[in-house]
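Note sheet for the following structure.
The values are calculated or read from the model by the stated rules, or taken from the named source; none is laboratory data. In this text, all values refer to a predicted model and were calculated from it rather than measured experimentally. Ideal geometry is used to build each Cβ from the backbone, glycine not excepted, and the neighbour counts take in all protein chains shown. Only protein heavy atoms, including side chains, enter the accessible area calculation; ligands, DNA and RNA are left aside. Shrake-Rupley method; radii C 1.70, N 1.55, O 1.52, S 1.80 Å.
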Amino acid sequence: MLFIKNLSKVFKGPKGIVQALESVSLSVKASEFVAVQGPSGSGKTTLLLSVGGLLVPSDGEVTVDNQNPYLMSPDNRAHFRASTIGFAFQQFYLVPYLSVLDNVLVPSLAFPQSIAIDRAKELINRFNLTDRIGHVPGELSTGERQRTAMARALLNNPKLLLADEPVGNLDNENANIVLSVLEEFASSSGAVLMVTHDNRAAKYAHKTLQLKNGKLL
Amino acid sequence: MTLWQLVIKESRYQRLSFCLGILAVIVAVGVLVAVLTILRSHDLQTQKILALKEEEMEKEMSIMEDDYRKIMKILGFNLLILPEGQQLSDFYAEGYATKDMPEEYVERLSASNIMTIRHLLPSIEQKIRWPEQRMRTIILIGTRGEVPFTKRDPMEPILVAVPPENIVLGYELWKSLNLKVGDKIKLLGKDFKVSECHPQRGSKDDITAWIDLKQAQELVGKQGKINAILALKCHCLGNEIENVRKDIKNVLPNTQVIELASRVITRAEARDRAKETAEFVLVSEKNYRIKLRNEIEEFAAWFVPLIILGCIVWIGFLAFNNVRERKAEIGILSALGLRSKQILFVFLAKAVLLGIFGALIGCIAGFIVGLASGETVFNFETVRTLFNPFLFLVVMLTAPILAGVASWIPALIAAKQDPADILRNE
Ligand SMILES: Nc1ncnc2c1ncn2[C@@H]1O[C@H](COP(=O)(O)OP(=O)(O)O)[C@@H](O)[C@H]1O
Ligand SMILES: [Mg+2]
């Protein structure tokens, strides 16, 4: 499902050059749950964004579902993201004025005809958010926000799920809910790539890789 | 959820900035509609004022005309009875009748029971040379004063006769001959005493000498003849000159009657003068109204575009601010697969929404302000005439478009942003 070959990312900023990723190669098959573990600043988020078609790599190749998103036009890439990849961001990035239900429904805006409301309600139920369905993010706890973000990532039935620190700020109970859903998603033939500095994630993943200073160990 | 619902939810969430945006449209539309309503109200009021003035003028004119008619009725007609064979062209050319008729006619008239005539003045008039004064040309008029009606109470005579041996001189005559009252002069061999010297009249009267009728008849060799009877202050029902003519013709079949021009002219002149005055008043009122309108228009010509421009900048600024505040949201929408066209739509739809609401409220508010500060009174009729559905339509279409244009650049910036850049920088 996902192949990364010699992926490098160099940031050229005013404070000099930062080598965030250096020749990273890995693959995630369908039904596989891969975790990448590493300390803060090791390049985890950079890796996920590059894989997700949001950050053009400096070098190397990314193939998702047999396609290289960086060879597409921006609009086609957006459409490809919406249909193939599910994102759960480190900072959640929920839309502040939308209820839980509407936030979960946002990915369906990319497909004007889709009626996703049943799927959204089912996901909300799976993440134990039914009694919060009408609340806006400002009224939710961190755990509830994280679960909402996970539900949103799964709405369009993506083939690849990318999760950035999904349990980093969560207590054990919330972390277990999220991780078991990721495991479940993988077992229903989805591919999961999760990056985290958290040790709890490792026991749910099929494979755990270590990232340090932009390099896989 | 649709993109429209997203837009509406965002607008509700960012109530303050949305209301500020609406306010901008309200101000722009309101000022435009108010000014146009004031101008329309001004025009309506001008129409009303001028119509009222015209009506007033018409009324005053008819009152004035009626007054003149009444005055002229009191004064009556002045008629001139001339011999039947008198060519009027000769009469007008010479200034007096060249044919004559028996003096006895005046007695016949005074003995009749014509009630329409009041004063009768027979006269003989002729242009002559004055042999004693180097043959200068003068007009000699012989009068016997007023002939009283025998069948009526005698009235105060309005003209007195010139006694025999006396002469009354016009201004040019006494002035050039250096004569004064009491002097003696000779005319056609007869002696006369100057009994009166007229002041200047600016007419042929100034070269006229008046003497007794009988003496005049003798001097020009027309004993027992006259050539005109002046009938003054004639009256009849309805002031119809034809009736008087008929009455006179019945008594004196061999005569013709003409009305002296004075009365007709006076009336016509009075009417013209009144009309002129009224028209002047109307024109100056109209000019004043036009001037007033031009002043409002001139003010509006720079004020309205300035306000509209200001509001466009204001909306543009708000839109720019909105884009800046929603960077994360734009990033996430883009990351989750929304195309740039859809992002553009989110921002333009908001501007259009703003334009529609603002235009609607602005139209109503501007119309009310225009009505309140306009000149016309507030009632259903003026509301109906002042309301301009075309303007309403144009504003309802233009305001959302302009709001969209004002938000265009910020929206374009939003749509072109790279989601990764936005998300990483948050
Ligand atoms: N846009 C950027 N410009 C410059 N440097 C960046 C940028 N994004 C990340 N970096 C740097 O790249 C490195 C990896 O960052 P990141 O992927 O966010 O790490 P992690 O998610 O593991 O904490 C860090 O040293 C960070 O400072
Ligand atoms: Mg990170």
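Details
- Among the residues of segment B:326-376, those identified as more than 12 Å from every other protein chain (Cβ to nearest Cβ) and among the small types (Gly, Ala, Ser) are B:Ala349, B:Ala351, B:Gly355, B:Gly358, B:Ala359, B:Gly362, B:Ala365, B:Gly366, B:Gly370, B:Ala372, B:Ser373, B:Gly374.
- Consider segment B:345-395 and keep the residues that are in contact with a Gly (Cβ under 7 Å, 6 or more places away or on another chain) and under 19 Å from B:Asp43 (Cα atoms). The one that is most open to solvent (accessible area, probe 1.4 Å) is B:Val369.
- Scanning segment B:99-112 for residues being buried (at least 19 other Cβ atoms within 10 Å of the Cβ) and touching a residue at least 60 places away in the same chain (Cβ under 8 Å) gives a total of 6.
- No other residue among A:Ser83, A:Ser73, A:Ser99 is among the hydroxyl-bearing types (Ser, Thr, Tyr), in contact (Cβ under 8 Å) with a residue 40 or more places away in the chain and open to solvent by 10 Å² or more (accessible area, probe 1.4 Å) apart from A:Ser83.
- Flag if A:Phe11 is within 14 Å of chain B (Cβ to nearest Cβ), within 16 Å of ligand 2 (Cβ to nearest atom) and surrounded by fewer than 19 Cβ atoms within 10 Å (Cβ to Cβ): yes
- Total residues in segment A:204-215 satisfying the condition of being at pLDDT 90 or above and open to solvent by 20 Å² or more (accessible area, probe 1.4 Å): the figure is 8.
- The single condition from (1) within 14 Å of another protein chain (Cβ to nearest Cβ); (2) open to solvent by less than 50 Å² (accessible area, probe 1.4 Å) that B:Thr2 fails is (2).
- Output for segment A:83-93, where each listed residue is of a type in the set (A, V, I, L, M, F, W, C) and within 19 Å of A:Glu122 (Cβ to Cβ): A:Ala88
- Looking across segment A:156-184 at every residue that is free of Cβ contacts under 8 Å to residues at least 60 places away in the same chain and buried (at least 17 other Cβ atoms within 10 Å of the Cβ), the one that is nearest to ligand 1 (Cβ to nearest atom) is identified as A:Val167.
- In the set (1) within 16 Å of ligand 2 (Cβ to nearest atom); (2) at pLDDT 90 or above, A:Val167 fails one condition alone, (2).
- Just one of the listed residues (B:Ile81, B:Ile22, B:Ile71) is farther than 30 Å from B:Cys311 by Cα and either of a type in the set (Lys, Arg) or over 39 Å from the mean Cα position of the chain (by Cα) (or both), namely B:Ile81.
- For segment A:14-26, taking the residues that are away from ligand 2 (no atom under 16 Å from the Cβ) and without any contact (Cβ under 8 Å) to a residue 60 or more places away in the chain, the one that is most open to solvent (accessible area, probe 1.4 Å) is identified as A:Lys15.
- Residue in segment A:50-66 that is within 14 Å of ligand 2 (Cβ to nearest atom), facing chain B (nearest Cβ under 10 Å), under 17 Å from the mean Cα position of the chain (by Cα) and of a type in the set (Gly, Ala, Ser) present: yes
Per-residue answers, yes or no, for (1) open to solvent by 20 Å² or more (accessible area, probe 1.4 Å); (2) part of a strand (DSSP E or B):
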site	(1), (2)
B:Ile114	no, no
B:Ile117	no, no
B:Leu120	no, yes
B:Ile124	no, yes
B:Arg129	yes, yes
B:Thr137	yes, yes
B:Val147	no, no
B:Thr150	yes, no
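- Scanning segment A:128-150 for residues that are in a helix (DSSP H, G or I) and more than 16 Å from B:Ala335 (Cβ to Cβ) yields A:Thr130, A:Asp131, A:Arg132, A:Pro137, A:Gly138, A:Glu139, A:Thr142, A:Gly143, A:Glu144, A:Arg145, A:Gln146, A:Arg147.
- Checked against the criterion of being closer than 30 Å to B:Lys225 by Cβ and not in a helix (DSSP H, G or I), segment B:259-266 has at least one qualifying residue.
Yes or no, residue by residue, for (1) more than 14 Å from chain A (Cβ to nearest Cβ); (2) open to solvent by 70 Å² or more (accessible area, probe 1.4 Å); (3) without any contact (Cβ under 8 Å) to a residue 12 or more places away in the chain:
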residue: B:Val7; (1), (2), (3): no, no, no
residue: B:Tyr13; (1), (2), (3): no, yes, yes
residue: B:Ser17; (1), (2), (3): no, no, no
residue: B:Gly21; (1), (2), (3): yes, no, no
residue: B:Val29; (1), (2), (3): yes, no, no
residue: B:Leu32; (1), (2), (3): yes, no, no
residue: B:Val35; (1), (2), (3): yes, no, no
residue: B:Arg40; (1), (2), (3): yes, yes, no
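- Number of residues in segment A:127-143 that are in contact (Cβ under 8 Å) with a residue 40 or more places away in the chain and in contact with a Lys or Arg (Cβ under 9 Å, 6 or more places away or on another chain): the value is 4.
- If you go through segment A:186-203 and keep only what is more than 12 Å from the chain's Cα centre (by Cα) and either open to solvent by 80 Å² or more (accessible area, probe 1.4 Å) or away from ligand 1 (no atom under 16 Å from the Cβ) (or both), you end up with A:Ala186, A:Ser187, A:Ser188, A:Ser189, A:Gly190, A:His197, A:Asn199, A:Arg200, A:Ala202, A:Lys203.
- All positions within segment B:192-221 that are more than 13 Å from B:Pro163 (Cα to Cα), in contact with a strand residue (DSSP E or B) (Cβ under 8 Å, 6 or more places away or on another chain) and open to solvent by 50 Å² or more (accessible area, probe 1.4 Å): B:Lys204, B:Ile207
- Any chance A:Tyr97 is at positive phi and facing another protein chain (nearest Cβ under 7 Å): no
- Meets criteria (within 30 Å of B:Lys9 (Cα to Cα) and open to solvent by 20 Å² or more (accessible area, probe 1.4 Å)) for A:Glu144: yes
- Test: A:Ala35 is within 14 Å of chain B (Cβ to nearest Cβ) and open to solvent by less than 40 Å² (accessible area, probe 1.4 Å): no
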